[in-house]
Amino acid sequence: MNGEKWLSAKAAALEQGAIRAVFDKARKMENVISMGIGEPDMPTPEPICRACAEGLAKGFTHYTPNAGLGLLREAVSRYGLPEPGLYAPHEIMITIGAMNALSLLMLVLLEPGDQVMIQDPQWLNYAAQIEYCGGVAVKLPTEPETGFALDAETVRAHYVPGKTKALLINSPNNPTGHVMTREALEKIAEVCRELDILVLSDEVYGTLVYDGAEAVSIATLPGMRERTVVINSLSKAYAMCGWRIGYAAGPEAIIDRMSKMQENFNSGANAAAQYAAAYALEHRELTEQIREAFAQRRRVALEGLKNIPGMKLVEPKGAFYLFPDIRAFGLSSKEFCDRLLEEERVVGVPGSAFGSKGEGFIRMAYTADAVKIREAMERLARFCEKRI
Ligand code: PLP
């Protein structure tokens, strides 16, 4: 490839994520139903779009402070945290989606060789970010029998004095849909306090819980506010993935250095989008319509899966993913997804893309409409019946 010789060794080693690779293949085919994509398919609620137009008309067309617009940091403090006012505006910074919050965190926290514990299976980009910033992503195994719950004793067992810096958790979880219980979080919090571990809590799916489940934030537990950075965004909750607005809330020194890092790397998030995001946060009821749409799709997807002999599933209570067990079909998760796409034109993501504990599972996102999900489940059933 032209220009290769100028790349740093780290950049030369960068690879395309497994999810993108599946999409690239599907794009060349017709009549495909995608249950691959981790993005709400519905448009952003109209009042938020109108608020953006209003922001532009009012002159929100300039650079904003590196930490974001004051009015948005206020709105996050009041309406965007696990508890109102849990962090003050000066403990909050606005970022270009949650991804930018995570990458700034890795940039300001990690010395070479520092370890960050992450769940396995887990969303792909964490390990890539940690490793690019010189850290080591330590995978904490979770088991299908518990619905991929993270256990406090696993955290303790992977702690290395002088090396472990942080624990990165994600609940509701991508890819498993697991929602951590209060009891599990209390035990994890106890270990983190005892061993002086910083917690990074990615709560981007926090509004998407079903069947009475509660998305508890570890930051709300005793003694945890001061050792937790909450990461969140409007992407999933408000169907605003393309707006690229997220935020981080946590100890002042960390937020302060993240803002300074932002000054050097990206300047800040889009001004008019920040203005609209403040409106969105002040209208939390808009997230309920989106949650309700996913709750209905989830029911359709679960109903379809339940009727497929050989398919096993611990019903996940959050996000918009199912993570069924496909081990009965004698294929690796990659083979399963490749053949499902080729034979039935349905996109799923191999569990192995999310870590070694994901092998034997596939991630199915119920981000298409209910009619398409029903059709995808019929195709999946036909595919599975041939193999059982
Ligand atoms: N965190 C998790 C667990 C995700 O699944 C995603 C997107 O898929 C993100 C963060 C990124 O969100 P954002 O669009 O806010 O950057």
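The values are calculated or read from the model by the stated rules, or taken from the named source; none is laboratory data. Just so we're clear, the structure is a prediction, and the values are computed from it rather than from any experiment. Glycine also receives a Cβ, built like all others from the backbone with ideal geometry; neighbour counts cover every protein chain displayed. Ligands, DNA and RNA are excluded from the accessible area calculation, which covers all protein heavy atoms including side chains. Shrake-Rupley method; radii C 1.70, N 1.55, O 1.52, S 1.80 Å.
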Where a residue in the range 238-250 is closer than 14 Å to Cys52 by Cβ and open to solvent by 10 Å² or more (accessible area, probe 1.4 Å) and its partner, wherever it lies, is of a type outside the set (D, E, K, R) and within 9 Å of the ligand (Cβ to nearest atom), with Cβ under 6 Å and at least six apart: Arg244/Ile96; Arg244/Gly97
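So that you can scan it fast, the table gives a plain yes or no per residue for (1) closer than 26 Å to Ser217 by Cα; (2) at pLDDT 95 or above; (3) open to solvent by 10 Å² or more (accessible area, probe 1.4 Å):
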| residue | (1), (2), (3) |
| --- | --- |
| Ile290 | yes, yes, no |
| Arg299 | yes, yes, yes |
| Pro309 | no, no, yes |
| Glu315 | yes, no, yes |
| Leu322 | yes, yes, no |
| Ser333 | no, yes, no |
| Lys357 | yes, yes, yes |
| Gly360 | no, yes, no |
Residue match in the range 179-200 (condition: touching a residue at least 24 places away in the same chain (Cβ under 8 Å) and within 12 Å of the chain's Cα centre (by Cα)): no
Matching residues, the range 317-333, being over 15 Å from Leu302 (Cβ atoms) and in contact (Cβ under 8 Å) with a residue 60 or more places away in the chain: Ala328
Residues of the range 151-174 satisfying the condition of being surrounded by fewer than 16 Cβ atoms within 10 Å (Cβ to Cβ) and either assigned to a helix (DSSP H, G or I) or at positive phi (or both): Glu153, Ala157, Gly162
Sole residue being open to solvent by less than 10 Å² (accessible area, probe 1.4 Å), farther than 25 Å from Ala127 by Cβ and in contact with a helix residue (DSSP H, G or I) (Cβ under 9 Å, 6 or more places away or on another chain), chosen from Ala370, Ala376: Ala376
Qualifying positions in the range 102-150 - more than 16 Å from the ligand (Cβ to nearest atom), part of a strand (DSSP E or B) and farther than 20 Å from Tyr205 by Cα: Gln115, Val136, Val138, Pro141, Glu143
Of residues in the range 82-100 being aliphatic (A, V, I, L, M) and within 16 Å of the ligand (Cβ to nearest atom), the one nearest to Ile130 (Cα to Cα): Met99
Hey, Ala219 farther than 20 Å from Pro45 by Cα and in contact (Cβ under 8 Å) with a residue 40 or more places away in the chain or not: yes
One residue from Glu145, Glu190 being modelled with pLDDT under 95 and acidic (Asp, Glu): Glu145
Residue in the range 259-266 that is surrounded by 21 or more Cβ atoms within 10 Å (Cβ to Cβ) and under 18 Å from Asp202 (Cβ atoms) present: no
Matching residues in the range 69-81 - criterion: being among the small types (Gly, Ala, Ser) and under 19 Å from Arg284 (Cβ atoms): Ala75, Ser77, Gly80
Elements of type helices (runs of 4 or more DSSP H) contained in the range 1-97, each with 1 or more residues being in contact with a strand residue (DSSP E or B) (Cβ under 8 Å, 6 or more places away or on another chain): 18-27, 70-79
Flag for Tyr132 being touching a residue at least 24 places away in the same chain (Cβ under 8 Å), surrounded by fewer than 22 Cβ atoms within 10 Å (Cβ to Cβ), of a type in the set (Phe, Trp, Tyr) and on the phi < 0 side of the Ramachandran plot: yes
